[in-house]
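A short write-up of the structure that comes next.
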């Protein structure tokens, strides 16, 4: 994939997540504070894991300000998710 294609796809994905969070297509999972999140960014190799998100507003802010290929959340609940 070319750099130009990466930039284009990063923008398309970011727009999708912003629109989806604004229209409630994407909703926070139950027990948000007890989950771990992981992100695979366009410009950083590997994954950023063990991310704790405390509130839906934090999740929305993260989705609006960052551009990533994939987002994952734990299926398990943790007392100390970070």
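Is it true that some residue in the range 66-74 is touching a helix residue (DSSP H, G or I) at 6+ places or on another chain (Cβ under 7 Å), surrounded by 15 or more Cβ atoms within 10 Å (Cβ to Cβ) and farther than 27 Å from residue 5 by Cβ?
No, there is no match, as no residue in the range 66-74 is touching a helix residue (DSSP H, G or I) at 6+ places or on another chain (Cβ under 7 Å), surrounded by 15 or more Cβ atoms within 10 Å (Cβ to Cβ) and farther than 27 Å from residue 5 by Cβ.
For the range 11-26, which positions are in contact (Cβ under 8 Å) with a residue 24 or more places away in the chain and either surrounded by fewer than 11 Cβ atoms within 10 Å (Cβ to Cβ) or in a loop (DSSP other than H, G, I, E, B) (or both)?
Selection gives 26 alone.
Going by what's in this entry, would residue 33 be described as in contact (Cβ under 8 Å) with a residue 12 or more places away in the chain and either loosely packed, with under 15 Cβ neighbours inside 10 Å or not in a loop (DSSP other than H, G, I, E, B) (or both)? Please lay out each step first, then the result.
Details: in contact (Cβ under 8 Å) with a residue 12 or more places away in the chain: yes; either loosely packed, with under 15 Cβ neighbours inside 10 Å or not in a loop (DSSP other than H, G, I, E, B) (or both): yes.
Judged against the criteria, residue 33 is a match.
Yes/no per residue for (1) in a strand (DSSP E or B); (2) in contact (Cβ under 8 Å) with a residue 12 or more places away in the chain; (3) closer than 20 Å to residue 23 by Cβ:
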{"residue": "58", "(1), (2), (3)": "no, no, yes"}
{"residue": "70", "(1), (2), (3)": "yes, yes, no"}
{"residue": "78", "(1), (2), (3)": "no, yes, no"}
{"residue": "81", "(1), (2), (3)": "no, yes, no"}
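Suppose we filter 39, 62, 8 for residues that are at pLDDT 90 or above and part of a helix (DSSP H, G or I); which single one remains?
Working: 39 fails: part of a helix (DSSP H, G or I); 62 fails: at pLDDT 90 or above.
The match here is 8.
The values are calculated or read from the model by the stated rules, or taken from the named source; none is laboratory data. If you're wondering where the values come from, they're calculated on a predicted model, not measured in any experiment. Note: ideal-geometry Cβ built from the backbone for every residue, glycine included; neighbour counts use all protein chains shown.
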